[in-house]
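See structure below.
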Amino acid sequence: GRDLREYALAGLRRSVGFVGQDLFLFSETVEQNLGWGMEDAIPRDVALELTRSVALDGEIERLPQGFSTLLGERGVNLSGGQRQRMTIARALAKRPSVLILDDALSAVDTYTEEEILSRLRTVMRQRTAIIVSHRVSTVRDADQILVLEHGDIVEQGNHRELLTRGGAYATLYNAQFAGAATYYGMLA
């Protein structure tokens, strides 16, 4: 109920963590990338907690020097999904009260996506998450889903409500999940 313009810009920026579609990692170690923009270095236990929260901990441990592994330019020695998870973990390092993920899970498979979302639910308790995605699986557990077409909100509600209405969301859901079921031979 408070106008956004009433907040001090610096304070607002500190309270928001953002992960966009265009990812950027630095030619630094994993640990330094996680703490990028922080005043102090991130302790190893915090780095482990951050990577655990995005299902990346095991993969970091398998890198040649773990958290001390130097990443190539833009994180070239990581997969797309690993880069996305690193940037999410970096955003979480700020302990934001609002986390904005703009298609930030598009490079991971649906199994990994579900694992990440499950872990993020714990991290994001008492916080706000704004998740932008074209995948229904990414947003289906949201309290409120807004469906956009050509920049306009055409539907609003939770997953169950939107499926019941049979509109654009239900069409997208059926296209995504019917296609997957056919692919895996679940439908005749």
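Considering helices alone, the calculated mean residue ellipticity of the chain at 222 nm is -12500 deg cm²/dmol, with DSSP H runs of length four and up weighted by -39500 (n - 2.57) and normalised per residue. The 3J(HN,Hα) values that the Karplus relation (6.51, -1.76, 1.60; θ = phi - 60°) gives for the range 62-69 are, in residue order, 7, 5, x, 10, x, 5, 8, 5 Hz. Gly and Pro appear as x. In percent, rounded to a whole number, the relative contact order of the range 82-136 is 48, using alpha-carbon pairs under 8 Å and six or more apart.
Rounded to the nearest whole Hz, the Karplus-based 3J(HN,Hα) values (6.51 cos²θ - 1.76 cosθ + 1.60, θ = phi - 60°) of the range 99-109 follow the sequence 10, 10, 10, 9, 6, 7, 10, 5, 8, 10, 6, with x at glycine and proline. Just checking the listed ones, Gly66, Gly151, Gly20: in the Gaussian network model of the chain with Cα springs under 10 Å, the one fluctuating most is Gly151. Ranked from largest to smallest solvent-accessible area, with a 1.4 Å probe on the protein heavy atoms, Arg13, Arg74, Arg62, Arg90 come out as Arg62, Arg13, Arg74, Arg90. Expressed as a rounded percentage, what relative contact order does the chain have, with Cα pairs under 8 Å and six or more residues apart? 20 percent. Hey, could you get me the Stokes-Einstein D for the range 54-147, Kirkwood radius over alpha-carbon pairs, 20 °C and 1.002 mPa s, rounded to whole µm² s⁻¹? For the chosen part, D equals 151 µm²/s. Taking only the Cα atoms of the chain, the ratio Rg/Rh comes out at 1.01, with Rh defined as the Kirkwood radius.
Counting only protein heavy atoms and a 1.4 Å probe, the chain has 61 square angstrom of accessible area per residue.
Placing R0 at 41 angstrom, the Cβ-Cβ distance between Ala175 and Ala41 gives a FRET efficiency of 0.35 after rounding to 0.05. Taking 10 °C and 1.306 mPa s as conditions, the range 113-168 diffuses translationally at an estimated 129 µm²/s according to Stokes-Einstein applied to its Kirkwood radius (Cα pairs).
What is the range 37-95 by shape, rounded, prolate or oblate, if you read a ≥ b ≥ c off the alpha carbon gyration tensor as root eigenvalues and call it rounded for a/c under 1.5, prolate for a/b larger than b/c, and oblate otherwise? Because its axes are fairly even, with a/c under 1.5, the range 37-95 counts as rounded.
Among the protein heavy atoms, those of Arg52 account for about 120 Å² of accessible surface (1.4 Å probe, every chain in place).
Atom-type composition of the exposed protein surface of the range 93-175 places 49 percent of the accessible area on carbon and sulfur (1.4 angstrom probe). Between Ser137 and Val154, the modelled labels are 2.3 nm apart [label points 7 Å from Cα along Cα→Cβ]. A Stokes-Einstein calculation at 25 °C with viscosity 0.890 mPa s, built on the Kirkwood radius of the range 88-188 over Cα pairs, returns a diffusion coefficient of 165 µm²/s.
The values are calculated or read from the model by the stated rules, or taken from the named source; none is laboratory data. Since this is a predicted model, take the numbers as computed values, not measurements. Virtual Cβ from ideal backbone geometry, glycine too; neighbours counted across all protein chains shown. With ligands, DNA and RNA removed, areas are computed over all heavy atoms of the protein, side chains included. Shrake-Rupley method; radii C 1.70, N 1.55, O 1.52, S 1.80 Å.
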